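Reading through the structure tokens given below for one structure.
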Amino acid sequence: MKSQFVATLLILSYLVQTQVKVIAATDHPNVLLILVDDLKPSFGAYGDKWVHSPNLDRLATRGMRFDMAYCNQAVCAPSRNNLLVGSRSTSIGVYSLGQHFRTAVPDAVTMPQYFKQHGYHSAGVGKVFHIGHGNINDIHSWSVPFQPDKVIDYVLPESTGGQLTREEALFSNKSKDGLPMGAAWEIADVDDEAYADGRIAAEGIKRLQSFKQTAEPFFLALGFTKPHLPFCAPKKYWELYDRSKLPMAAYTLPPDGAPAYAGKTIGELNQYKPVPQNPPLSEELQRTLIHGYYASLSYMDSQVGRVLDEVDRLGIGEDTIIVLWGDHGYHLGDHGTWTKHTNYEQANRIPIVISAPGVTKADSHSSALIETVDLFPTVAELAGLPVPTGPQPIDGDSFVSVLRGQNTDIGEYAYHCYPKGGRLGQAIRTDRYRLVKWQRQGSSQPPEYELYDYEVDPLEKRNLADDQPDIVTQLTAILEKHPAPKTSSRIQRRSTSKHSKQHHVVADSPEIASVPLTIVVEGKGESPHGVVLAQGGREHGFAIHFTNGRPAFDVRVNGKVTRITGKQLSGKQFRLTATLSDDEITFTVGGGRTTSTTSPGLIPVQPKDALSIGFDDASAAGEYQSPNSFNGHITSLQISTSNDQTLHIFKAKD
């Protein structure tokens, strides 16, 4: 009798568990996450009615549009980490394109991984995590293999000269050495699926059709690549605009009183032809680039429309949360700046639109200050999942109460950051002000501040930090409530190679802009290869490294590298001396003959990537593939601007 009772309990237990599983598979809504590369909130739903964006606009009418949403860092890979990992860059110390987030938080549970753990089929297509520049996909996040597509995609032979281009190589984790630049735009009379976004939409539609046939809920991330450079879109989307009537930037000067290092000009843009290496850009070129941005946006919009049409055709709209997110904003000539990579408004304000059936009111909007990191807990709550707790820092707050109309905000500010030249700029944006605190990491030097008042100066014409110290003090107190920013794992002493005895980034990196340099480095190694030291990246900088067994000194100015190579070492120990002046570059190996070549000029601006010793894992300062580690041991390093002014001395401990 007792055994029959136990058997009955086991059967009932099994039935209950089975029923719970069915409920879990049917009661949780699907999630369609639409990520768009370089999309600023400049389309019809955000007030720019001249932009042809009918599908983004109709998505906004299905739910809630957020008018004061901000990314946490205005560059692709970290911003996508902020979304998918739920951690601010300053919480995990990952700030660069080339560093995978799991180097900092190996056991992190990403948003798609979290949904997978809770019974969802998790899938991704297109550009979701940043792949390229040494970075890779995250295999733990997906139920099935991730399906990427090209970010740099050409169809016309004249755009590439029939060769692999530099940016194509970088986004494929290949070396760009010796490769040509590709075109900055392309106008081709082709079908939508000739370019990546058309193929991403087509694959997304196939996935939706497949999901319709199953009972399990899905988490589908579709990452569209446009309007990221190059501005390649079918001809019909270019024809939507009259180039002569497109609006130009209203203010094209840097903010008065802002630190020179806080801004940028045409970096990234100048990696494409026919963009010059240095400003100014002609008005004709500026208009063409702006035209290309919006043609690409309209092309992407049409692909999003195809996906939305399929959601409706399949009848799954009432069971599907749809989230639209732009990874960061975009400069189109304001402050003389193009693309992103700053702490200013145009680079950091982003579009976020959410349609959550039964939660959001149609065609609603909110002025709540929202950060990218807020999306992970928000989407989890909308799906009825437990609050995510990590193990990585979960920095955001759910704003479901705002979506329901119960609250108007979840906080008084948004937080973001950007590193430049060994400094970290931490920023908070309130409904009126933005404060940026610039400080060298690990340094006792006093910080520099930027302050902007958007009620009286929406174009950021003047830094008010010196004029309004009380506001600076008030906002700094808010900023200091945050934990101290984690330095990049590239800024902490570490051992990442079984060969190298020390790899680290120098927090207080040398100021190398517009000054002659003398570099003396000593070390040892058997069959040495890799980067001995590097400062800077894809625009400006220098590196000493070993290639094919020979030491080389690379100087990069405006994206172009000038190299001088020394003779092969005769023993295990080495002493390398490199100089850069206005006239020449010299390179001496040991006490041997000095070789020289014509200088490309002094490095014109302070590079944003700090001095790294024993490796380069950011955007490569020299002509080599990054990440690139040295396999030997560096015993001393000295960098100076003259015979009597030493910028940095390093001596390793044995």
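The values are calculated or read from the model by the stated rules, or taken from the named source; none is laboratory data. Please read these numbers as outputs of a predicted model, since none were measured by experiment. Backbone-built Cβ (ideal geometry, glycine too); neighbour counts: all protein chains shown. Note: areas computed on protein heavy atoms with side chains; ligands, DNA, RNA excluded. Shrake-Rupley method; radii C 1.70, N 1.55, O 1.52, S 1.80 Å.
The table below lists the values:
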| quantity | calculated |
| --- | --- |
| Accessible area per residue in Å² at 1.4 Å probe, computed on the chain | 39 Å² |
| With every protein chain in place, the chain: carbon and sulfur % of accessible area (1.4 Å) | 50 percent |
| Per-peptide average of other Cβ atoms within 10 Å, ordering 236-242, 610-616, 385-391, 540-546 highest first | 610-616, 540-546, 236-242, 385-391 |
| Long-range amide H partners of Val532 with built H, under 5 Å | Ile544, His545, Phe546 |
| Positive dipole terminus of the chain, leading residue within Ala123, Ser282, Thr588 (C-beta point charges) | Thr588 |
| Exposure of Thr518 as accessible area (Å², to 10), given a probe of 1.4 Å and all protein chains | 50 Å² |
| Label point distance in nm, Asp309-Lys235, each placed 7 Å from Cα along Cα→Cβ | 2.2 nm |
| The chain, relative contact order [Cα under 8 Å, separation at least 6], % | 16 percent |
| Using θ = phi - 60° and Karplus 6.51 cos²θ - 1.76 cosθ + 1.60, couplings along the range 465-473 (whole Hz; Gly, Pro as x) | 4, 6, 7, 10, x, 5, 5, 4, 4 |
| Charge dipole (debye, nearest 20) of the range 86-152; +1 at Cβ of Lys and Arg, -1 at Cβ of Asp and Glu | 100 debye |
| In Hz, Karplus ³J(HN,Hα) per residue of the range 383-390 (6.51, -1.76, 1.60; θ = phi - 60°; x = Gly, Pro) | 7, x, 8, x, 5, x, 10, x |
| For the range 215-242 versus the range 577-627, the gap between their alpha-carbon centres in whole angstrom | 39 Å |
| Student exercise, the chain dipole from Lys, Arg, Asp, Glu Cβ charges, in Debye to nearest 20 | 2020 debye |
| The range 66-75 - phi-based ³J(HN,Hα) in whole Hz, Karplus 6.51/-1.76/1.60, Gly and Pro as x | 9, 8, 10, 9, 9, 6, 9, 7, 8, 7 |
| Point-charge dipole on Cβ atoms (K/R +1, D/E -1) for the range 504-576, about Cα centre, debye to 20 | 360 debye |
| For the range 433-477 versus the range 117-153, the gap between their alpha-carbon centres in whole angstrom | 38 Å |
| Amide proton proximity set for Thr339, modelled H, under 5 Å, gap of 5+ | His331, Gly333 |
| Over the range 221-293 - Rg/Rh using Cα atoms and the Kirkwood inverse-distance radius | 1.01 |
| Principal-axis tilt of helix 2-27 within the chain, Cα atoms, nearest 10 degrees | 70 degrees |
| Euclidean distance of C-alpha centroids, the range 327-398 and the range 518-572, integer Å | 41 Å |
| Listed residue pairs exceeding 31 Å between alpha carbons, taken from Lys176/Lys420; Lys206/Lys245; Lys49/Lys608 | Lys206/Lys245; Lys49/Lys608 |
| Of (i) 39, 31, 30; (ii) 43, 29, 26; (iii) 45, 38, 25, the label for semi-axes √(5λ) of the Cα gyration tensor in Å derived from the coordinates | (ii) |
| Charge tally in the Cβ shell below 12 Å around Ser159, where Lys, Arg are +1 and Asp, Glu are -1, Ser159 excluded | -4 |
| Under 16 Å from Lys40, Cα to Cα: aspartates and glutamates that are on another chain or at least 8 residues apart | Asp48, Asp57, Asp67, Asp301, Asp327, Asp334, Glu345, Glu371 |
| Per-residue [θ]222 nm for the chain (sum of -39500 (n - 2.57) over DSSP H runs n ≥ 4, rounded to 500) | -6500 deg cm²/dmol |
